[in-house]
Every structure is written in structure tokens, then in C-alpha cells.
């Protein structure tokens, strides 16, 4: 974690925030943030806050149309009453002050004391308590109740818009409480967070497991389960929300998919697609989607889902503009149903009357299955010598193939046409292009006639020449060429000497294997491995290894 020291982590970060954000001012004693521009006389001021580590909540939502002041505590620690009191006094414009408070004991207590002090100052004040986390909901009503989590952002947005519109304190409170009571959330973690200065994460979570019902302060969840596919996970997160809100067919909601700090936008969009499809099946209408990272738990890998039942009045406030820096510049104001599942790239349709060529189809199918089976090992090699996506790209292409049909019915030309199109249309990146064009040359030769040793050698030579022309790699550069080049030499030598097919393929396989193994001691000068220099020494190039497997699987076919 980047820091100067754990003790100064929050104030050091606030220095950067204030220096990089318009309309924000930092008051170091006792410690609060306000809008630099004062409110118009008579407008309700909206004050929120809590422990740091949840950014962009709350400081990112400080601005016109949302919050007027924010009180940051230390990481995962509530602000103190004096911070809240002074911040509230500083921004009061005569219309009263609303506190938006997450349901945690420290927050509730300190904001409550601050309101007592504000009454001494004859400042009108009230509170909206956010308690949306169904993971801590109890049927008997005992205990501290639901924690306040991602629904806080929704309450802050709607209350801020109502205040900006000129509503009275009582009306802003009414609207805020309506939204808070209509909101529920549930979160999941794939990996825990680590606090500044800590040497261990907030809890232990073995690889391959998920923690359901975690809190935003690094708390463990209510249930630990084996990792689930996204559709099933979304159902596990959403069903308790639907039950708690008693949502039914025809109900309208704002749907928020939120990242907890270390979750990629692609993952969040994927989860939203599953959520949209699931709610659509239940007849629950998403009126407004919001997908992104808004309420975090430091660097936790995970996500939360929030649903808020809405009406036209709430949607009007939701759609009102805001200048808060973390609010989306162009928030979506409509929702289109999730389309059908599909993959990138064209699908491959083999000829309607394929001609069986068992040797070639079985050879390539055996090789493809080996690559699929070895994906974890290939990925590990590429993590150590490149960027870690090689195994994924291999699978993206090869899982498109019907290996049973290839093995039993495909002709040689159909086999290589299918595999070339799979790489060119689905793998992407350098590996997709190079493997795709490599196999394209085998297709071009096979469609003209039988694939004997001479035509296999010709295809391999043409493929090698094309790859070197495209990428510039030569033997010794630690790429797939280090396996292809010696294999081509062995094939051409075997053809020149009119060797027996089985013997020539065996020597070709051995040459390709030796070429691949030679990459272990090389420092790459081409490809992604070249970016890491000496760090890639001692690792076999995964592309060269896959080529070696290709020729090894040819033996016996």
C-alpha cells in the first residue's frame, strides 16, 4: 500500500484530495471538509461522514446537488462529535442541517451528540439513519440492526437534490427516510482488505472461497462458501434483498452494483448483467442502473448489490444534476433489458457434409484437449514471464471447437479452418493473431489436397515465414518461433531424405521440444516477456511449449 506512514495516511490523502478537487475546503482543526462555495441563504445543509477507507464515499460526493460538508474519521473509525458539530455550524445557511448517518454505534453516537450541541446553538437539525445491510438483519429485531452500507450514496444523492431544489428540512428528512427505508444491500468478498500499516488482512479467506454478507469495515461475513458462478452468486445476494423489501412483480427499483475497492469494472458490469436478467425474470423493473465503485472497504476484492424501491418523485431527484466529483458525469436515465448471452467473434459452422480425415482431426483434437487441460500451467508460466493472459487466450479459442466432431468426422481442411477461425475470432491479442495465421497456412494447403509430409512441411514453413514477418521474432527471442523453426528444419530434412512419416514426425517433435526447452535460459527480446527482462529467465515460453505439444501430438497420426 502506498503511504508515508500509517499514522498520517488519512491527512496525507486529504492533502491530495483538496489540491485536486474544485469547490472543496479542508478545515484541519477539528477536521472536516466543506464546499468552498457557501450555500444560498435558507438552503438545507447536508452533512455526512464516517470512517475513512470507504472512498469515494463520503468526500467524493461533496458538491452542489449532494453533500455540503463531510467529517472523515481515521480508517474505519467514526468521526468525533466536535468534528461533526463544527462542520455543521460552518455550513448552516439558516435552513437547518441534516445529518445522514450509517447505522454503526460510533457514528450514531457521535452524530447524536453533535446534534445536542447544535441545539445549544439554536441550529435546527435532524437525522436520516441508513440501515440497509440485510446480512445483519434479525427477524426478532434485537441487536444493533442492519448496518449502513452502499444505500448511503442513494440517500445522499436524493436528499442533496431535494435540498438543492429548496425543500424544507422537514421535507428533505421525509424524503431521505423514505429512501432509506426502501433500500437494502448485500455484499460478497473474494479477498479481504488490509488496513494501512497492518501486516495481515482483516480476515483469512482461502483461495477458491467467497465470504457472503461481509461488512464495509473489513468484517467477516455471515457465511463462507465455495466460489460460485456469477449467475448463482447474484441470486444468493439478491434473494435476501427481495425478501426484506418484499419486492413483487411490477415494483420499480434503482439497482446499484458497487465495487468494494479492488474489483475491476468488467466484473461489476458482468454482475449487473446477471442482476438485470434475474430481476427481469421476476418482473421487477430497473428504472435506473448505477454500476461502479462508490462505497469501498479499502482494497477489498468484492462487490455489493443494492436495490431501492422508487416512485416518480424519487426518480426526479435521482436524475437532478450534481457537481460532486465522484458522481457520474452522465448517469444513465433509462434501462435496457439485458440482451442474450453471446461471445465475441464469429461462430464456426463446418461444411454440411464433412469428409472424415481421422488422422488429422484426431491429431489436432488431441492437441487442443491437452492445451485446454494444461491451461493453469500455461497461465502460471505467462504470469512469471509475461502478463498472465496466454492460457486464457488459448481457452477462449479452443473452447469454441467441437473436438468430438473434429476427431470423428472433420476433414483436414475443415479441422484447420475451424481452429484458425477460432483463434482469429476469439483469442485476441498477439497469441490469437499468430496462432490463427499459423493454422491458416495448414488450411490453405489442406484444401488443395492430402496433408502428407511434404505439404505439412510446406504449411509449417509458410506459417513460420508469416509469423516472423508479422512479429519480427527470430530464433533466440524466446517466442513460439524457437519451437517452430527447428521443427520446420526437421520436417524439411525428412522430406529431402524421403524419410518414413512416423520417424520424421518423431524427430520433428523432438526438435520442437528441444527448441521450447531452450527458451528457459533466454532473456526475451520480443513479445510480452521482453518487458520483464531478466525476470523471465528460468521460465519456458508458453507459446513455444504449445507448439512443441502440437508436433508431439502428431506422432502416431
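Looking at the structure I just gave you, is residue 295 at pLDDT 95 or above, in a loop (DSSP other than H, G, I, E, B) and touching a helix residue (DSSP H, G or I) at 6+ places or on another chain (Cβ under 7 Å)? The answer is yes for residue 295. Of all residues in the range 1-19, those that are assigned by TED's automatic domain parsing to the domain that holds residue 36 have Cβ atoms under 8 Å from Cβ atoms of residues that are exposed (fewer than 11 other Cβ atoms within 10 Å of the Cβ) and part of a loop (DSSP other than H, G, I, E, B), 6 or more apart or on another chain, in 11/28; 12/4.
If the condition is being more than 19 Å from residue 551 (Cα to Cα) and in contact with a helix residue (DSSP H, G or I) (Cβ under 7 Å, 6 or more places away or on another chain), then the range 434-448 contributes only 447.
Looking only at the range 426-442, decide whether some residue is assigned to a helix (DSSP H, G or I), at pLDDT 90 or above and under 22 Å from residue 498 (Cα atoms). Yes, the range 426-442 has at least one match. Taking the listed residues 171, 156, the one that is over 17 Å from residue 62 (Cβ atoms), in a helix (DSSP H, G or I) and modelled with pLDDT of 95 or more is 171, with no other qualifying. Set side by side, the residues 242, 254 differ, and just one is outside any loop (DSSP other than H, G, I, E, B) and touching a helix residue (DSSP H, G or I) at 6+ places or on another chain (Cβ under 8 Å), which is 254. Being modelled with pLDDT of 95 or more and under 30 Å from residue 547 (Cα atoms) is true of residue 366.
For the range 45-67, taking the residues that are touching a strand residue (DSSP E or B) at 6+ places or on another chain (Cβ under 6 Å) and in a loop (DSSP other than H, G, I, E, B), the one that is nearest to residue 168 (Cα to Cα) is identified as 58. Taken as a whole, the structure leaves residue 176 outside the set of residues that are surrounded by fewer than 24 Cβ atoms within 10 Å (Cβ to Cβ) and either part of a strand (DSSP E or B) or touching a residue at least 24 places away in the same chain (Cβ under 8 Å) (or both).
Among the residues of the range 106-120, is any in a strand (DSSP E or B), touching a residue at least 24 places away in the same chain (Cβ under 8 Å) and crowded, with 22+ Cβ neighbours inside 10 Å? For the range 106-120, residues in a strand (DSSP E or B), touching a residue at least 24 places away in the same chain (Cβ under 8 Å) and crowded, with 22+ Cβ neighbours inside 10 Å: absent. Check the range 269-278 and report whether any residue there is part of a loop (DSSP other than H, G, I, E, B) and either touching a strand residue (DSSP E or B) at 6+ places or on another chain (Cβ under 7 Å) or buried (at least 21 other Cβ atoms within 10 Å of the Cβ) (or both). No, the conditions are met nowhere in the range 269-278. From the list 50, 42, 95, 63, the one residue that fits, being at positive phi and touching a helix residue (DSSP H, G or I) at 6+ places or on another chain (Cβ under 8 Å), is 50. Only one entry of 339, 345, 261, 283 meets the criterion of being surrounded by fewer than 17 Cβ atoms within 10 Å (Cβ to Cβ) and at positive phi, and that entry is 283. There is no residue in the range 182-202 that is farther than 24 Å from residue 302 by Cβ and out of contact with any helix residue (DSSP H, G or I) (no Cβ under 8 Å at 6 or more places or on another chain).
Among the residues examined, residue 479 qualifies as in a loop (DSSP other than H, G, I, E, B) and either in contact with a helix residue (DSSP H, G or I) (Cβ under 7 Å, 6 or more places away or on another chain) or under 24 Å from residue 523 (Cα atoms) (or both).
Residue by residue, here is whether (1) over 20 Å from residue 136 (Cα atoms); (2) modelled with pLDDT under 95; (3) buried (at least 19 other Cβ atoms within 10 Å of the Cβ); (4) over 16 Å from the mean Cα position of the chain (by Cα) holds:
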position: 201; (1), (2), (3), (4): yes, yes, no, yes
position: 226; (1), (2), (3), (4): yes, no, no, yes
position: 236; (1), (2), (3), (4): no, no, no, yes
position: 248; (1), (2), (3), (4): yes, no, no, yes
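Do the conditions hold for residue 474, that is, is it surrounded by fewer than 17 Cβ atoms within 10 Å (Cβ to Cβ), under 28 Å from residue 382 (Cβ atoms), assigned by TED's automatic domain parsing to the domain that holds residue 548 and at pLDDT below 95? So residue 474 passes the test. Check the range 134-149 and report whether any residue there is out of contact with any strand residue (DSSP E or B) (no Cβ under 6 Å at 6 or more places or on another chain), buried (at least 24 other Cβ atoms within 10 Å of the Cβ) and not assigned by TED's automatic domain parsing to the domain that holds residue 46. No, every residue in the range 134-149 fails to be out of contact with any strand residue (DSSP E or B) (no Cβ under 6 Å at 6 or more places or on another chain), buried (at least 24 other Cβ atoms within 10 Å of the Cβ) and not assigned by TED's automatic domain parsing to the domain that holds residue 46. Residues that are over 18 Å from residue 148 (Cβ atoms) and assigned to a strand (DSSP E or B) within the range 75-105 comprise just one, 97.
Do we have residue 232 as out of contact with any strand residue (DSSP E or B) (no Cβ under 7 Å at 6 or more places or on another chain), modelled with pLDDT of 95 or more and not in a loop (DSSP other than H, G, I, E, B) here? Yes, satisfied.
The values are calculated or read from the model by the stated rules, or taken from the named source; none is laboratory data. Predicted, not measured: the structure shown is a model, and the values here were computed from it. Heads up, the Cβs are rebuilt from the backbone with ideal geometry, glycines too, and the neighbour counts pull from every protein chain shown.
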